[in-house]
Amino acid sequence: MWAIFYIRKKYTSYYGEHIKNLYVNPKISKFERRKKIMFKKPIEIEIERTKKGYPAFWESGGGYTNTGEATIIANKDGQPKKALYVRGRGELACGHHALVILEVGDYIIKASHHRGDFEIQIYEILELKTEETIAVIEQINCFSWGEWDAELPAYLEDAVQAIMEKATCYHCREPHYIS
Ligand SMILES: [Zn+2]
């Protein structure tokens, strides 16, 4: 009881809504709820910096015979962004396809699957430390074991559809979510 109280106290300010959703879902055990909450901390990831000094990230990935993984970027409304650069040479299959300039509020979405059993993580960009080529991101929703942590907002449905297509596009060689 104390442990749960402690976690709630510590994380409610950041994650009040998510915690509410997790606590009312009776299908998730106490341990799973705790694990999910513990993972929902802002994390830092390595990003790219363009020659002109803008923070950027690659749309990448594709499908193999039974598995696949992909990364795409969406703007704050869930829509595709313009690519700064689309790769047209070198090893393209399941590699890096389009470089997109990042802004705070954009979403980085990652997906992987095994025979169509998907795990999808949606991260929001909280801060961009361009000099250090670091983005501070926070997971706002996650699809695993066949369901979302929290209801998927309608404005992110197109992006989720696109990433599932990309992660199942055999030896993908092109961007799927670019305006
Ligand atoms: Zn493709």
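The values are calculated or read from the model by the stated rules, or taken from the named source; none is laboratory data. All values reported here derive from a predicted model rather than from experimental measurement. Here Cβ is always computed from backbone atoms with ideal geometry, including for glycine, and neighbour counts include all displayed protein chains.
Numbers for the structure displayed
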| item | result |
| --- | --- |
| Of residues in the range 96-111 being touching a residue at least 40 places away in the same chain (Cβ under 8 Å) and over 14 Å from Thr50 (Cβ atoms), the one surrounded by the fewest Cβ atoms within 10 Å (Cβ to Cβ) | Lys110 |
| Check on Cys172, in contact with a helix residue (DSSP H, G or I) (Cβ under 9 Å, 6 or more places away or on another chain), within 16 Å of the ligand (Cβ to nearest atom) and modelled with pLDDT of 95 or more | yes |
| Which listed residue is within 16 Å of the ligand (Cβ to nearest atom), of a type in the set (Ser, Thr, Tyr) and assigned by TED's automatic domain parsing to the domain that holds Glu48, from Thr71, Thr130 | Thr71 |
| Failed criterion for Ala83 (all others in (1) out of contact with any Gly (no Cβ under 9 Å at 6 or more places or on another chain); (2) closer than 16 Å to Gly62 by Cα; (3) within 16 Å of the ligand (Cβ to nearest atom) hold) | (2) |
| Flag if Gly78 is within 16 Å of the ligand (Cβ to nearest atom), under 18 Å from His176 (Cα atoms) and not hydrophobic (A, V, I, L, M, F, W, C) | no |
| Residue list for the range 141-159, filter: crowded, with 18+ Cβ neighbours inside 10 Å and either within 16 Å of the ligand (Cβ to nearest atom) or within 17 Å of Thr67 (Cβ to Cβ) (or both) | Ala159 |
| Top-ranked residue in the range 40-68 [being farther than 19 Å from Ala162 by Cα and hydrophobic (A, V, I, L, M, F, W, C); ranked as nearest to the ligand (Cβ to nearest atom)] | Ala56 |
| Restricting the range 67-86 to residues that are polar (S, T, N, Q) and surrounded by 15 or more Cβ atoms within 10 Å (Cβ to Cβ), the residue that is farthest from Ile120 (Cα to Cα) | Asn75 |
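Yes/no matrix, rows are residues, columns are (1) at pLDDT below 95; (2) within 16 Å of the ligand (Cβ to nearest atom); (3) not in a strand (DSSP E or B):
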residue: His97; (1), (2), (3): no, yes, no
residue: Val104; (1), (2), (3): no, no, yes
residue: Val136; (1), (2), (3): no, no, no
residue: Gln139; (1), (2), (3): no, no, no
